[in-house]
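Here the structure comes first, spelled out in structure tokens, and everything after it is commentary.
The values are calculated or read from the model by the stated rules, or taken from the named source; none is laboratory data. Model, not experiment: these values are computed from the prediction. Every residue, glycine as well, gets a Cβ built from its backbone with ideal geometry; the counts of neighbours run over all protein chains shown. The protein model used for the area step is the full one, side chains on, heavy atoms only, and it has no ligands, DNA or RNA in it. Shrake-Rupley method; radii C 1.70, N 1.55, O 1.52, S 1.80 Å.
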Amino acid sequence: MASSLTCPGVVWALLSFLCAAASCVGFFMPYWLLGSQMGKPVSFGTFRRCSYPVRDEARQATVMLEQCGRYASFQGIPSLEWRICTVIIGVGCGLLLLVALTALMGFCLSDLISRTIGRVAGGIQFFGGKLKSSSHSLLRWSASRSRWSSS
């Protein structure tokens, strides 16, 4: 099989795939923030959470549900900033994965990646990375704002 990638292109394709995979796994994992509530360890990400309080109607009390799961709906995500970040990070991960998979296909197809396609893919990859970093900045701002407003 002929490859359309040069030696630096092969390194770029492999690193792109590893970084895109790590970004996607990190996006889906609910371990962004760790803490404790009602004496139990809790963690959550933008759209998943582990160990969260629920209302037990039979006992008329709030109990900790010790399992991981998604929010019931998009509106169930705790704040507007977290909903925005979920969308932005999802789009960024999608762009990174698209470029990485295209670059990996360059291993098998001889005329897939040209100099122009490589530059466009690099631009898309840069934009995906900027989306992810801007959403992380929004999350930090949101966390600092909520910390100050609660005190």
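Only loop residues by DSSP count here, and only those with at most 16 other Cβ atoms within 10 Å; note down the GluC sites (Glu not before Pro) in the range 15-100 that meet that.
Glu57
To test your reading of the geometry: what angle, between 0 and 90 degrees and rounded to tens, separates the Cα axis of helix 80-105 from the longest principal axis of the chain? Tilt of helix 80-105: around 30 degrees.
Across the chain, Cα pairs under 8 Å and at least six residues apart give a relative contact order of 27 percent.
Considering only protein heavy atoms and a 1.4 Å probe, what is the carbon-and-sulfur percentage of the accessible area of the chain? It is 66 percent, rounded to a whole number. Calculated accessible area for the range 8-149 comes out at 61 Å² per residue, all protein chains present (probe 1.4 Å; ligands, DNA, RNA ignored). Summed over all non-identical Cα pairs, the Kirkwood treatment of the range 8-149 gives a radius of 17.3 Å. Among the trypsin sites (Lys or Arg not before Pro) within the range 4-103, those in coil by DSSP and having at most 14 neighbouring Cβ atoms inside 10 Å are Arg59.
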